[in-house]
Amino acid sequence: MLFLRAVVLGTIVVSGYGSDRRFPSGFKFGSASSAYQVEGGWNASDKGESVWDRYAHDHPDIVVNGNGDVACDSYHLWKEDIRIAHELGLHFYRFSISWTRIMPTGFPTAISETGKQYYSNLIDGLLEKGIEPVVTLYHWDLPQKLQDLGGWTNPLITDWFSDYARIIFSFYADRVKTWITINEPILICDGAYNMEFTAPRIKEMEMAPFLCNKHTLIAHAKAWRIYDTEYRHKYHGKVSLTNNLVWMEPFTPEYEDLAELALQHCAGRYAHPIFSKEGGWPPLLEKVIAEYSRKQGHVRSRLPPFTKAEKELIRGTYDFFAMNMYTSRLVRPSEPGDGPRIWFVTGSPELNITLVADPRWKVGAVSIMPAYPVGMRRQIAWLRREYGQHLPILITETGYGSLDRNLDDEERIDFISDHLEQILLSIKEDGANIIGFSVWTLMDNFEWMDGYRSRFGLYDVDFKDPMRKRTPRASAHFYSHLIKTQILHKTRVRSHRHEDVRMSKRSSNSSSNFTGLMLLLYTIFLQLFILL
Ligand code: NOJ
């Protein structure tokens, strides 16, 4: 009897450990990439020129060591990408479509059959291996021709984008069920015109970021509505846009209101019009920017208002919330002597705030991205307070950049696992509805202005090798084990450099079974000892 009690109790204790760290059934794990960063084949067949082709060719001195002309050569090696995605056991693979590979001029006047076939093959190849394709329509590679016409500052782009979206849906919506319209509009707008971080890198901090902000939201909304009215009834897919979030924490508790304003500037400006019940710009931020614009001598706010019809067009155009998150900031009022306030890295003149990082936060290859995993849980809680407790959230990116080619990338494993720990807490303790998680990135690739210097891949890529050999890092073994077990193990799986991922999955499974058995026996004996 006593023994039976002990066995029951012991089993509860052991399975309790597993259930705390087990992801809910149906939780999906994936990995992500984007067209310009991996494909290469920049002028293959009839592909047109994008802003990144143009910028990287014109500024070899500014973009670190290279351009995306060949990158990982996924244009030719896509079967290899599917092989490694399968080797990892990914539930989904997120990639983007290059607008000019399908529509060389940016307009529907010409469609490239070769481009169309390329993505069709990729989608079919993934599906054959049981991997869900998650497709981003736009990951920063605007047709250069559209840029010449003003790009995202021209209101007509919302129609150009919807023409493109409709064509892509018509080609692939029968097989693709999860769509992201636009990746990180804040990096397209604030990033290109304010931070000078993304092509076309035009320094115009006053009007361009806000015009672009409004137009990306309308473009997204139009694309969502096209899917909703023309495709949803046939294919039952889901569509959203991906926002890049930076958690803003008060430097000291009295700056909570400032931190809230910073969150509205970063997340709210790109999310409130879509996800809030009332729509439109975040009210407090709208007021602050209007006042600042008046002080500058503008007769109207630099943050362009929405008409009633535009507000209604945008409001509610989502099926889930997609978020990328890499970093956080501490927020305090600006003081004399603070350096330049570049939004959203070091601060904002409009809000009169300075942003700093806690020196204890770990910095990888990209200095502007110190990691604060706790920020992820807090950011998720904020999203739910703002946009609804049941909001389904898909984490479309987080990841760690390093400067070396080390295959034993413990730091990356720590980064991923520390963030997943916070995600588990969000799910289990806070009740968040997080539906999946995706690592940036499947393999090392072209990291924008940072070229090939920083490496974010689960797989190392040898850029000197014409075959761009992909080799799994320890983090790939860790991730594949996690996907297989759906449990975030405290003791992480370390494996040898050239070991096959599938091999390590087998061995790590048997070792975790063994550990589980030992824990069970230990608990039983412990309890027997206490009871007797
Ligand atoms: C987010 C972007 O979507 C991706 O393109 C970039 O490489 C990663 N951040 C890392 O910087």
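The values are calculated or read from the model by the stated rules, or taken from the named source; none is laboratory data. Only a predicted model underlies this, so the values are computations on that prediction, with no experimental measurement involved. Because the Cβ atoms are built from the backbone with ideal geometry, glycine has one as well, and the counts that use them run over all protein chains shown. Side chains included, ligands, DNA and RNA excluded: accessible areas come from the protein's heavy atoms. Shrake-Rupley method; radii C 1.70, N 1.55, O 1.52, S 1.80 Å.
Inside segment 34-76, residues that are more than 28 Å from T109 (Cα to Cα) and either of a type in the set (G, A, S) or surrounded by fewer than 18 Cβ atoms within 10 Å (Cβ to Cβ) (or both) make up a count of 8. Hey, among the residues in segment 429-463 that are under 22 Å from A371 (Cβ atoms), surrounded by fewer than 18 Cβ atoms within 10 Å (Cβ to Cβ) and without any contact (Cβ under 8 Å) to a residue 60 or more places away in the chain, which one's farthest from the ligand (Cβ to nearest atom)? That would be E429. Among the numbered conditions (1) open to solvent by less than 30 Å² (accessible area, probe 1.4 Å); (2) more than 28 Å from P472 (Cβ to Cβ); (3) part of a strand (DSSP E or B), the only one that T396 does not meet is (2). The requirement of being of a type outside the set (F, W, Y), over 21 Å from E87 (Cβ atoms) and either in contact with a Gly (Cβ under 7 Å, 6 or more places away or on another chain) or at pLDDT below 95 (or both) is satisfied by G401.
Screening E335 against (1) of a type in the set (D, E, K, R); (2) in a strand (DSSP E or B); (3) open to solvent by 60 Å² or more (accessible area, probe 1.4 Å) leaves a single unmet condition, (2).
Scan segment 85-93 and give yes if some residue there is assigned to a helix (DSSP H, G or I) and open to solvent by 10 Å² or more (accessible area, probe 1.4 Å), otherwise no. Among the residues of segment 85-93, at least one is assigned to a helix (DSSP H, G or I) and open to solvent by 10 Å² or more (accessible area, probe 1.4 Å), which makes the answer yes.
Between G48, G26, the distinction of being closer than 30 Å to L424 by Cα and at pLDDT 95 or above belongs to G26 only.
With respect to the conditions (1) over 21 Å from the mean Cα position of the chain (by Cα); (2) in a strand (DSSP E or B), S162 falls short on a single one, namely (2). One residue alone among I182, I226 is more than 16 Å from the ligand (Cβ to nearest atom) and touching a residue at least 60 places away in the same chain (Cβ under 8 Å), and that residue is I226.
The single condition among (1) crowded, with 18+ Cβ neighbours inside 10 Å; (2) outside any loop (DSSP other than H, G, I, E, B) that W343 does not satisfy is (2). Look at (1) hydrophobic (A, V, I, L, M, F, W, C); (2) out of contact with any Leu (no Cβ under 9 Å at 6 or more places or on another chain); (3) without any contact (Cβ under 8 Å) to a residue 60 or more places away in the chain and you find that W78 fails only one, number (2). Could you go through segment 464-475 and let me know if any residue there is within 16 Å of the ligand (Cβ to nearest atom), within 29 Å of G40 (Cα to Cα) and of a type in the set (V, I, T). Within segment 464-475, not a single residue is within 16 Å of the ligand (Cβ to nearest atom), within 29 Å of G40 (Cα to Cα) and of a type in the set (V, I, T). Hey, any hits in segment 273-280 for a residue that's closer than 25 Å to I167 by Cβ and either open to solvent by 10 Å² or more (accessible area, probe 1.4 Å) or out of contact with any helix residue (DSSP H, G or I) (no Cβ under 7 Å at 6 or more places or on another chain) (or both)? No; the residues of segment 273-280 include none that is closer than 25 Å to I167 by Cβ and either open to solvent by 10 Å² or more (accessible area, probe 1.4 Å) or out of contact with any helix residue (DSSP H, G or I) (no Cβ under 7 Å at 6 or more places or on another chain) (or both).
Hey, could you check segment 220-258 for residues that are of a type in the set (A, V, I, L, M) and touching a Lys or Arg at 6+ places or on another chain (Cβ under 9 Å) and say which is most open to solvent (accessible area, probe 1.4 Å)?
Among residues in segment 220-258 that are of a type in the set (A, V, I, L, M) and touching a Lys or Arg at 6+ places or on another chain (Cβ under 9 Å), the one most open to solvent (accessible area, probe 1.4 Å) is L258.
Scanning segment 55-63 finds one or more residues that are in contact with a helix residue (DSSP H, G or I) (Cβ under 7 Å, 6 or more places away or on another chain) and closer than 26 Å to K469 by Cα.
Candidates L263, L241, L285: the one that is in contact (Cβ under 8 Å) with a residue 12 or more places away in the chain, in contact with a strand residue (DSSP E or B) (Cβ under 6 Å, 6 or more places away or on another chain) and either over 21 Å from A322 (Cα atoms) or assigned to a helix (DSSP H, G or I) (or both) is L263.
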